[in-house]
Amino acid sequence: MRLAIASGKGGTGKTTVAVSLALSLAERAPLLLDCDVEAPNAALFLRPEFTAQQAVGQPVPVVDTDRCTSCGRCAEVCRYHAIVVVAQRVLIFPELCHGCGSCTRQCPAGALHEELNVRGRLKLGHAGPVVLAQGTLNVGEALAVPVIRQLKPWAIPAEVGDRPVILDAPPGASCPVVETLRGADAVLLVTEPTPFGLHDLRAAVQVVREVAASRTTPLPVAVIINRDGTGDAAVEAYCAAENIPILLRIPLERALAEGMAHGKPLIAIRPKYQAQLVALWEELARRVMRDTP
């Protein structure tokens with residue numbers, strides 16, 4: 001099963017859950033992908049030895065000025081406004097380019113070709129039986145999606161079998177989250193019982209449902225409430241109204257905060273959560289099997 005762990009906002013404990021879930025499933029040689037490429041921090045808890053890495057990016061157009069006629073066709077077909085023609089000069093803005101290739105295919109003079117614009121790096125390593133793969137977006141780059149899109153096929157074997165695959169998504173409800181959710185079998189949303197937590201949980205649920213609408217199979221979703229016992233009961237009421245199961249509650253405890261500040265995983269601080277996380281995984285796997293035709 002491929003499980004995406006996401007949250008509508010940062011700081012809810014998403015990576016805390018992802019790391020401890022991977023460690024709880026250590027006997028099954030899990031694969032954890034840190035898809036939060038703007039701030040990958042699962043490695044801070046797992047401390048892996050990285051053994052493979054690769055530069056990643058996407059192709060962007062380059063102009064052959066000797067052949068270019070400044071006709072403007074490239075700018076007309078670029079839906080992302082990454083190309084403009086000013087004073088008979090073609091200007092390309094790589095930070096806006098999505099690498100679709102329309103400009104190079106439709107240039108009547110054949111004056112455009114593509115070159116790789118490196119936007120980040122992929123790394124893969126081991127922390128005991130847990131395999132961690134992460135993407136890191138270069139500082140100053142605006143588009144995280146190309147790095148996430150290339151991380152998944154690079155790190156996940158073609159024949160993954162029953163091996164657990166956990167995708168730690170970026171926070172929020174934008175394109176990088178959508179890219180992480182693509183191909184997932186289930187989604188686990190981590191939230192907190194506050195007005196902000198509820199607001200962003202609603203946004204995250206909407207994203208999950210929009211992704212599910214484009215699939216031929218259902219996309220089960222469940223919730224973990226972190227810092228349980230604080231705030232109010234609005235998150236719980238929302239989940240009940242939307243028929244979203246709450247599979248785990250993690251209370252706000254000083255010992256947890258102190259341990260995590262020192263780089264300790266949740267199950268190292270409170271070993272009791274290991275069995276609960278394994279049970280959570282099994283429950284989601286049952287839901288996936290139940291909903292699969």
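The values are calculated or read from the model by the stated rules, or taken from the named source; none is laboratory data. All values derive from a computational prediction rather than experimental measurement. For neighbour counting, all protein chains shown are included, and Cβ atoms are generated from backbone atoms with ideal geometry for every residue, glycine included.
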Item to complete: Look at segment 62-90 and say how many of its residues are basic (Lys, Arg) and more than 39 Å from the chain's Cα centre (by Cα).
Response: 1
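Take segment 83-102 and flag every residue that is of a type in the set (Val, Ile, Thr) and loosely packed, with under 14 Cβ neighbours inside 10 Å.
Step one: of segment 83-102, the residues of a type in the set (Val, Ile, Thr) are 83-86, 90, 92.
Selection gives 86 alone.
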Discussion item. Against the conditions (1) assigned by TED's automatic domain parsing to the domain that holds residue 146; (2) in contact with a helix residue (DSSP H, G or I) (Cβ under 7 Å, 6 or more places away or on another chain), where does residue 106 fall short? Just the number, please.
Written reply: (1)
Practice prompt. Counting only residues that are under 24 Å from residue 253 (Cβ atoms) and free of Cβ contacts under 8 Å to residues at least 40 places away in the same chain, give me the strands (runs of 3 or more DSSP E) lying completely in segment 156-241 with at least 2 of them.
Written response: 221-228
Worksheet, complete the sentence: The lone condition residue 34 fails out of (1) within 15 Å of the chain's Cα centre (by Cα); (2) among the acidic types (Asp, Glu); (3) surrounded by fewer than 19 Cβ atoms within 10 Å (Cβ to Cβ) is (3)
Worksheet item: Which numbered condition trips up residue 75, out of (1) assigned to a helix (DSSP H, G or I); (2) under 30 Å from residue 159 (Cα atoms); (3) of a type in the set (A, V, I, L, M)?
Response: (2)
Discussion item. Taking the criterion of being assigned to a loop (DSSP other than H, G, I, E, B), in contact with a strand residue (DSSP E or B) (Cβ under 8 Å, 6 or more places away or on another chain) and among the charged types (D, E, K, R), would at least one residue in segment 53-64 satisfy it?
Written reply: yes
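This table checks each residue for (1) under 15 Å from the mean Cα position of the chain (by Cα); (2) at pLDDT below 95; (3) aliphatic (A, V, I, L, M); (4) under 23 Å from residue 280 (Cα atoms).
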| position | (1), (2), (3), (4) |
| --- | --- |
| 136 | yes, no, no, no |
| 148 | yes, no, yes, no |
| 157 | no, yes, no, no |
| 184 | yes, no, yes, yes |
| 204 | yes, no, yes, yes |
